[in-house]
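Chemist: Structure in structure tokens, see below.
Each value in this text was obtained by applying a stated rule to the coordinates, not by laboratory testing. For clarity, every value in this text was computed on a predicted model and none was experimentally measured. Virtual Cβ from ideal backbone geometry, glycine too; neighbours counted across all protein chains shown.
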Amino acid sequence: MQYLKAGVVGASGYAGGELLRLLANHPQLAVTVVTGSGSAGRDLIELHPNLAGDPRYAQMVLQPATVDGLSGCDVVFLALPHGHSAALAVDLPADVVVVDLGADHRLADPEAWQRYYGLPHAGHWAYGLPELAEVRPALRGARRIANPGCYPTAVALALAPLLGAGLVRVEDIVVVAASGTSGAGRGLADTLHSAAVMGSMSAYKVGGGHQHTPEMEQSLSAAAGSPVTLSFTPMLAPMARGILATVSAAALTSAVEDVREALYTAYVDEPFVTVLPEGRWPTTGAVLGSNSAQLQVALDPHSGRVSVVSAIDNLVKGAAGQAIQNANIALDLEETTGLPLLGVAP
């Protein structure tokens, strides 16, 4: 079989390591280059000992990230911190599929980018959340893809179908979502030490300061066909990985059957999104290690609000798995190739 060559830039981080784990089982993509700017020269398995059982990875050494070093790659995954992808991406060949796992190319609005990230706007690439209406056709044959953030993935999957069906109001949306500590990346911080996280939950960036807010509003506004404003409170949960998001909006229907039907209709043919049977609720443990999302919906007649609960693994459907899903579409491969559908339990 003729393999396509893949490069992973930022292979030393959590998302980069997850890309490598998943690509090890991809039958048509072969990793040929791994880079890590601060870790160049180190053995790959020193940073990711879980990969030691793969003889290909056991021989790899992290290289500096350069355009010349990535030459010959058919697809390049940029698993870099926000603000670091654009400078490298601009010099990569136009015919190479580049999937940016950072935020550099997600936002269409330069003003929103400047306000939340404080850096020059690098432009807007095709947005890679395939399950949203009208997105998948734009990814077929694309050579530059902006991989969505983890929180925006969970939130958009939860609410976009209801906004598209006109079942909820666009001006009163509240999101409360908890993430595992891996969502903050591999860098050290006092708030991420085990002593600070174990047995404790905390809110952070409360009051509209989280950088994923404009991305969520962008996706939901596209689904609604009109501007959406939301309130977002992120939470840090005492777990390594996973996101559980509760998305609430004022209802424009009194029938829970309407909102359930909208979700089922949107995702009935989507292999990576499951609307659970009534009475069963998503958990982060159920999607652990998978590229899947689980959803459930309720309508509260007392408050007149719809709540959708969404669970994903932030490192898979929220990062590396979705990046491979997008690359599969762009390269005209089967979309599910190399991606786990089922979570790991217990």
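Chemist: Over all distinct Cα pairs, what is the inverse of the mean 1/r for the chain, reported as the Kirkwood hydrodynamic radius in Å?
Modeler: Details: mean 1/r = 0.0491 Å⁻¹.
Every distinct Cα pair counted, the radius reaches 20.4 Å.
Chemist: Another question, if that's okay. Hey, fewest Cβ within 10 Å first, where do Met235, Met198, Met60, Met216 land in order? Write out the running numbers ahead of the final one.
Modeler: On the way: Met235 16, Met198 8, Met60 20, Met216 27.
Exposure proxy ranking, most exposed first: Met198, Met235, Met60, Met216.
Chemist: If you don't mind, there's one more thing I want to ask. Taking the alpha-carbon centroid of each part, what is the distance from segment 46-123 to segment 258-297 in angstrom?
Modeler: Answer, in whole Å: 30.
Chemist: Count neighbours as other Cβ atoms within 10 Å of each site's Cβ, and list the GluC sites (Glu not before Pro) in segment 227-280 that are DSSP loop with at most 13 such neighbours.
Modeler: Those satisfying the criteria are Glu278.
Chemist: Applying the Karplus parametrisation 6.51 cos²θ - 1.76 cosθ + 1.60 with θ = phi - 60° to the phi angles of segment 246-262, what ³J(HN,Hα) value in whole Hz is obtained for each residue in order, glycine and proline being reported as x?
Modeler: Taking θ as phi minus 60°, the curve returns 10, 10, 10, 8, 5, 7, 10, 9, 9, 10, 5, 4, 5, 6, 5, 5, 4 Hz for segment 246-262.
Chemist: Could you work out the relative contact order of segment 1-146, using alpha carbon pairs under 8 angstrom and six or more residues apart, expressed as a whole percent?
Modeler: Values: 266 pairs, mean separation 28.3, N = 146.
Reported relative contact order: 19 percent.
Chemist: Below 8 Å between Cα atoms, with a sequence gap of 6+, how large is the relative contact order for the chain in percent?
Modeler: Values: 791 pairs, mean separation 60.6, N = 346.
Relative contact order of the chain: 18 percent.
Chemist: If the elastic network links every pair of Cα atoms under 10 Å, which of Asn328, Asn291, Asn50 fluctuates the most in the Gaussian network model of the chain?
Modeler: Comparing Asn328, Asn291, Asn50 in a Gaussian network model of the chain, the most mobile one is Asn50.
Chemist: Tabulate in residue order the Karplus-calculated ³J(HN,Hα) for segment 108-115, using 6.51 cos²θ - 1.76 cosθ + 1.60 with θ = phi - 60°, rounded to whole Hz; enter x for Gly and Pro.
Modeler: Once rounded to whole Hz, the list reads 7, 8, x, 5, 5, 4, 4, 5.
Chemist: A further question follows. Could you list the trypsin sites (Lys or Arg not before Pro) in segment 25-118 that lie in coil according to DSSP, counting only those with at most 14 other Cβ atoms within 10 Å of their Cβ?
Modeler: Details: sites: Arg42, Arg56, Arg106, Arg115; in loops: Arg42, Arg106.
Those satisfying the criteria are Arg42.
Chemist: Ratio of alpha-carbon Rg to the 2.2 N^0.38 Å globular estimate for segment 151-314, to two decimals, please. Intermediate values should be presented prior to the final figure.
Modeler: Values: Rg = 15.7 Å, N = 164, 2.2 N^0.38 = 15.3 Å.
In units of the 2.2 N^0.38 Å rule of thumb, it is 1.03.
Chemist: When the dipole is taken about the Cα centre of the chain, and only Lys, Arg (+1) and Asp, Glu (-1) are charged at their Cβ, what size is it in debye, to the nearest 20? Don't jump to the answer; show the numbers that get you there.
Modeler: On the way: 18 positive and 30 negative charges, 108 e Å.
About 520 debye.
Chemist: Let me ask something additional. I'd like the antiparallel share, as a percent to the nearest 5, of DSSP beta bridges with both residues in the chain.
Modeler: 45 percent
Chemist: Could you check the spin-label model distance between Glu261 and Ala240? Points 7 Å from the Cα along Cα→Cβ, value in nm.
Modeler: For the pair Glu261/Ala240, the computed spacing is 4.4 nm.
Chemist: How big is the dipole moment of segment 66-179 about its Cα centre under a simple scheme where the beta carbon of each Lys and Arg is +1, that of each Asp and Glu is -1, and everything else is neutral? Debye, nearest 20, please.
Modeler: Working: 7 positive and 12 negative charges, 38 e Å.
That gives a dipole near 180 debye.
Chemist: Using the beta-carbon distance between Asp190 and Gln2 and R0 = 51 Å, what value does 1/(1 + (r/R0)^6) give for FRET efficiency, to the nearest 0.05?
Modeler: Values: r = 49 Å, r/R0 = 0.96.
For Asp190 and Gln2, the calculated efficiency is 0.55.
Chemist: Relative to the Cα centre, what is the charge dipole magnitude of segment 151-314, using +1 at the beta carbon of each Lys and Arg, -1 at the beta carbon of each Asp and Glu, and rounding to the nearest 20 debye?
Modeler: Values: 7 positive and 13 negative charges, 89 e Å.
With only Lys, Arg, Asp and Glu charged at Cβ, the dipole is about 420 debye.
Chemist: Return the calculated 222 nm mean residue ellipticity for the chain, to the nearest 500 deg cm²/dmol, obtained by summing -39500 (n - 2.57) across DSSP H runs with n ≥ 4 and dividing by the residue count. The partial results should precede the final answer.
Modeler: On the way: 12 runs with 91 residues, N = 346.
Calculated from helices alone, the mean residue ellipticity at 222 nm is -7000 deg cm²/dmol.
Chemist: Exposure proxy check: Leu163, Leu19, Leu192 ranked by fewest other beta carbons within 10 Å?
Modeler: On the way: Leu163 24, Leu19 30, Leu192 15.
Sorted ascending by nearby Cβ count, the order is Leu192, Leu163, Leu19.
Chemist: Can you sort Lys5, Lys317 so the residue with the fewest Cβ neighbours within 10 Å comes first? Intermediate results must be reported in sequence, preceding the final value.
Modeler: Values: Lys5 17, Lys317 28.
Final ranking by Cβ density, sparse to dense: Lys5, Lys317.
Chemist: Using DSSP, restrict attention to beta bridges with both residues in segment 151-314 and report what percent are antiparallel, rounded to the nearest 5. Walk me through the numbers before you get to the answer.
Modeler: Values: 26 of 36 bridges.
The answer is about 70 percent antiparallel.
Chemist: What is the spin-label model distance, in nm, from Gln114 to Asp68 if the labels are put 7 Å beyond Cα along the C-beta direction?
Modeler: 3.7 nm
Chemist: Right, here's the next one. Once amide H atoms are built 1.01 Å from N in the peptide plane, which residues 5 or more positions from Thr233, or in another chain, come under 5 Å H to H?
Modeler: Val175, Val176, Ala177
Chemist: Need the full-extension length gain, Gln59 to Trp281, defined as separation in residues times 0.36 nm minus the C-alpha distance. One decimal, nm. Display every interim value, and only then the final one.
Modeler: Numbers: separation 222, 0.36 × 222 = 79.92 nm, distance 4.31 nm.
That works out to 75.6 nm of additional length.
Chemist: Work from the charge dipole of the chain (Cβ charges, +1 for Lys and Arg, -1 for Asp and Glu, about the Cα centre) and give the residue of Ala237, Leu119, Tyr3 farthest towards its positive end.
Modeler: Highest projection toward the positive end goes to Ala237.
Chemist: OK, next. With each pseudo-label sitting 7 Å past Cα toward Cβ, what's the Glu171-Arg143 distance in nm, one decimal?
Modeler: The two pseudo-label positions are separated by 4.5 nm.
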